[in-house]
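Engineer: Dropping a structure here in structure tokens format, bear with me for questions.
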Amino acid sequence: MRTLPVLVFLFSSFVAAASAQTGAPASPASDAPVSPDAAAVNRFFAEALSHGAAYDNLRTLVSECPGRLSGSKSLERAVLWGQRTLTALGADRVYLQDVMVPHWERGARESVRLLPAQGNAVPLSAAALGGSVATPPGGLVAEVIELHSLDELAALGRDKLAGKIVFFNRPMDPALYSTGLAYGKAGDQRNRGPAAAAKYGVAAVLTRSLTLAHNDIPHTGTTVFPPDTPKIPAAALSTVAADRLSAALATDPHLRVEVKIHAQWLPDAPSHNVIGEIRGSEFPNEVILVGGHLDSWDIAPGAHDDGAGIVQSIEVLRLFRALGLEPRHTIRCVLFVNEENGSAGSAVYASSAKTSGERHIFAIESDSGGFAPVGIQFGSTQGVEAHERAARWLPLFQPWGVWRFVRGGAGADVSPLLLQGVPAAELTPDSQRYFDIHHTAADGLDQVNPRELQLGAGTLASLVWLVDTQGL
């Protein structure tokens, strides 16, 4: 028992040291006097953490509507779920906005196999990329050329590439702290690689999954074929499969691979953005928007991408209702469709915003996963940088782990509003685990921590309240 005072002293010293390193107060629950703004922000977080509904909403969304790709029955079930959920929390108005979305289907499970000169075929874990076309019904077989950049296509030319399978195998850079930056730097292989290779007569493309994790889970994602470019089959290999293929090619440069993909494009399908709002008491025609995207990839339950952003945005409205707060401006929650493979939902919303007679004064999106929030990036095309204007509020968030407001862009779905002159922002969670499961079958509810999810909701609601009451 004599050791207890020592342990208490050591723990107190640890907390003080941690606070000194981060610049944050030791505890948001301190007995020290707080400002009215801090008290209000603390109420949002306390309600979110004690009585939050986001995790339960996410459980329902992911279990009832997994694989919410545009054009799918699952997405349409999610639209109805969103409408019911926003209505049940007491939004003043809930409505659907018509959107025509692209409709791509994977079809039967894809297959990629090594065909060594001796021995049996070796399966490689793969997922067709969204936008891929099918191989011939029996598949295609060709030699493989491994590349690490799109520039290497031009260096080889059509004579060496035509009829071959190109394998883009440049990893994400592990030396970058921001995994989102690493993802962006490596993403040209998946996003533009197949179309670039098709111009040289390439038969199919394989690409290394965009993740720093080393496992046998393939990551899908969109690939874009411009109208004047031939469409070819394309798939992502798991990082384990990519390493296996690379090692096999080092031994046998003439190694052949078999690819079978059954994907197809169908006519555009009707869908809807789901919109719920609490009307402003003073400025009902001035809108603060919070949102995320309702769709997910067909193989993904879509818990982090972007079920988390959806339920956090819904939670903002619930928090205002739970705390009895009447906003001055209209607080609008938008569940956008078709972010993953077309952004039709955001385009329709932004077009409507131009002619609605309303004025959007701020828009924020959550689309980087439901991990613990660490910051907010702000974008603005009008005058003083938005992150500099918001800097006066940063001390209110630091006790809750949100320690940086930075200049940046905005989420994909609110970026069109940013281009119209609306200050826009995106919640920034800790990113170290996000791309381990991004666009995969592993993006399930078990990967989401309820407290981290609710901290994000509290952050969004607090910022929305500050903008509503004080302006940005």
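Engineer: Please give the FRET efficiency for His51 paired with Val122, using the beta carbon to beta carbon distance and R0 = 60 Å, rounded to the nearest 0.05.
Structural biologist: It comes out at approximately 0.70.
Engineer: When you count, for each residue, the other Cβ atoms within 10 Å and take the mean per peptide, how do 196-204, 271-279 rank with the highest first?
Structural biologist: By packing density, highest mean first, the sequence is 271-279, 196-204.
Engineer: Which translational diffusion coefficient, to the nearest whole µm²/s, is obtained for the range 80-149 from the Stokes-Einstein equation, given a Kirkwood hydrodynamic radius over C-alpha pairs, 20 °C and 1.002 mPa s?
Structural biologist: It comes out at roughly 124 µm²/s.
Engineer: Let me ask you something else. Which links in Lys199/Lys231; Lys160/Lys260; Lys164/Lys260; Lys231/Lys260; Lys73/Lys354; Lys164/Lys231 stretch past 20 Å when you go from one Cα to the other?
Structural biologist: In this structure, Lys160/Lys260; Lys73/Lys354 exceed 20 Å between Cα atoms.
Engineer: Report the label-to-label distance for His148 and Trp265 in nanometres (one decimal), using points 7 Å from each Cα along the Cα→Cβ vector.
Structural biologist: Computed distance between label sites His148 and Trp265 equals 3.4 nm.
Engineer: Can you work out the FRET efficiency for the pair Leu255 and Ala155, with r the C-beta to C-beta distance and R0 = 25 Å, to the nearest 0.05?
Structural biologist: Efficiency computed from Cβ-Cβ geometry: 0.75.
Engineer: Rounded to the nearest 5, what % of the DSSP beta bridges within the chain are antiparallel ones?
Structural biologist: In the chain, DSSP labels about 55 percent of beta bridges as antiparallel.
Engineer: Please give the FRET efficiency for Leu80 paired with His214, using the beta carbon to beta carbon distance and R0 = 25 Å, rounded to the nearest 0.05.
Structural biologist: FRET efficiency, Leu80 to His214: 0.05.
Engineer: Say each of Asp188 and Glu282 gets a label point 7 Å from the Cα, pointing the same way as Cα to Cβ; how far apart are those two points in nm?
Structural biologist: Reported label-point gap for Asp188 and Glu282 is 4.9 nm.
Engineer: Please order Leu466, Leu156, Leu394 by the number of other Cβ within 10 Å, starting at the fewest.
Structural biologist: Arranged by neighbour count, lowest to highest, Leu466, Leu156, Leu394 become Leu156, Leu394, Leu466.
Engineer: State the extension gain, in nm to one decimal, for the chain segment bounded by Ala247 and Arg321, taking 0.36 nm per residue of separation less the distance between their alpha-carbons.
Structural biologist: Contour length minus the Cα-Cα distance gives 20.8 nm.
Engineer: Cα extents of the range 329-472 along the three principal axes, largest first, in whole Å?
Structural biologist: Ordered largest first, the range 329-472 gives principal extents of 43, 38, 23 Å.
Engineer: Further question on the same structure: Which three lengths, in whole Å and largest first, does the range 108-262 cover when its Cα atoms are put on their principal axes?
Structural biologist: Principal extents (Cα only, largest first): 42, 38, 33 Å.
Engineer: Just add up the charged neighbours of Pro327: K/R +1, D/E -1, any other residue whose Cβ is under 14 Å from the Cβ of Pro327.
Structural biologist: 0
Engineer: Please state the equivalent ellipsoid semi-axes for the range 351-429: what are the square roots of 5 times the Cα gyration tensor eigenvalues, largest first, in whole Å?
Structural biologist: 23, 14, 10
Engineer: Between the range 65-116 and the range 208-243, how far is it from one alpha carbon centroid to the other, in angstrom?
Structural biologist: Answer, in whole Å: 21.
Engineer: Taking the Cα atoms only, what angle lies between the long axis of helix 450-470 and the longest principal axis of the chain, rounded to 10 degrees?
Structural biologist: Its long axis makes an angle of about 60 degrees.
Engineer: Something else: Please work out the ratio of the alpha-carbon Rg of the range 233-356 to 2.2 N^0.38 Å and round it to two decimals.
Structural biologist: 1.60
Engineer: Hey, what's the per residue convex hull volume over the C-alpha atoms of the range 27-157, in cubic angstrom?
Structural biologist: So the per-residue Cα hull volume is 307 Å³.
Engineer: Let me ask something additional. Normalised by the number of residues in the chain, what is the relative contact order in percent for Cα pairs under 8 Å and 6+ residues apart?
Structural biologist: Reported as a whole number, the value is 21 percent.
Engineer: Under the 0.36 nm per residue contour assumption, what length would be gained going from the current alpha-carbon distance of Glu358 and Gln470 to full extension?
Structural biologist: That pair, Glu358 and Gln470, stretches by 38.4 nm at full extension.
Engineer: Share of antiparallel DSSP beta bridges in the range 108-262, in percent to the nearest 5?
Structural biologist: Counting DSSP beta bridges with both partners in the range 108-262, the antiparallel share is about 55 percent.
Engineer: What is the fewest-to-most order of His360, His148, His304 by other Cβ atoms lying within 10 Å of their Cβ?
Structural biologist: Ascending Cβ contact count within 10 Å gives the list His148, His360, His304.
Engineer: Please give the per residue volume of the convex hull enclosing the alpha carbon atoms of the chain, rounded to a whole number of Å³.
Structural biologist: In the chain, the Cα hull volume divided by residue count equals 179 Å³.
Rule-based calculations on the coordinates, nothing more; no lab input. Everything quoted here is computed from the prediction, not taken from an experiment. We place every Cβ from the backbone using ideal geometry, glycine too, and count neighbours over all the protein chains shown.
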